[in-house]
């Protein structure tokens, strides 16, 4: 740590205390050159995980937003909250494991669709109807027919 008085780079930590909120550490330091004391604060740099939207915009990853979409898709379906939590955990882990701290919303949507396809076909269709933004009934019927073909 550089002394604010003389610029010397070596010091000794005299006292360390965690802040009341626990988000930083306060350190009292003693400069080994000029002998003066000074205080430094250490904080963790919180870099948010980002989602790249279809229009190119970016927004913070929001776990509750994903859970909200899944809850709407699974409304009145025999799907438990623990199953939905596992899906959201899986998506969150994928976002956190990405070294660039960004993931495209289309990748998240595809993950959710594949998980819902295994979990509940009706929930899959509900989610797909919003996520895939069908232009007409024909596109929707194509997805339904694909589901019937996979079932048989």
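Condition check ((1) within 23 Å of residue 52 (Cα to Cα); (2) exposed (fewer than 11 other Cβ atoms within 10 Å of the Cβ); (3) touching a strand residue (DSSP E or B) at 6+ places or on another chain (Cβ under 9 Å)) across all residues:
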| residue | (1), (2), (3) |
| --- | --- |
| 76 | no, yes, no |
| 81 | no, no, no |
| 115 | yes, no, no |
| 146 | no, yes, no |
Check your understanding: Which members of region 38-67 meet the condition of being touching a residue at least 40 places away in the same chain (Cβ under 8 Å) and not in a helix (DSSP H, G or I)?
Key -> 47, 48, 49, 50, 51, 52, 53, 54, 58, 61
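Please verify whether residue 142 is surrounded by fewer than 18 Cβ atoms within 10 Å (Cβ to Cβ) and over 20 Å from residue 64 (Cβ atoms), treating the condition exactly as stated. Outline the logic, then answer.
Working: surrounded by fewer than 18 Cβ atoms within 10 Å (Cβ to Cβ): yes; over 20 Å from residue 64 (Cβ atoms): yes.
Here the answer is yes, as residue 142 does meet what is asked.
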Review point. Is region 2-12 home to any residue that is in contact with a helix residue (DSSP H, G or I) (Cβ under 8 Å, 6 or more places away or on another chain) and either surrounded by 11 or more Cβ atoms within 10 Å (Cβ to Cβ) or at negative phi (or both)?
Key: no
Review point. Which residues, counting only those in region 100-127, are without any contact (Cβ under 8 Å) to a residue 24 or more places away in the chain and within 19 Å of residue 56 (Cα to Cα)?
Key: 100, 107, 109, 110
Practice item. State yes or no: is residue 70 surrounded by 10 or more Cβ atoms within 10 Å (Cβ to Cβ), in contact (Cβ under 8 Å) with a residue 40 or more places away in the chain and in the same structural domain as residue 127 (by TED's automatic domain parsing)? Key: yes
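The values are calculated or read from the model by the stated rules, or taken from the named source; none is laboratory data. Owing to the predicted nature of the structure, the values given are computational and were not obtained by experimental measurement. For neighbour counting, all protein chains shown are included, and Cβ atoms are generated from backbone atoms with ideal geometry for every residue, glycine included.
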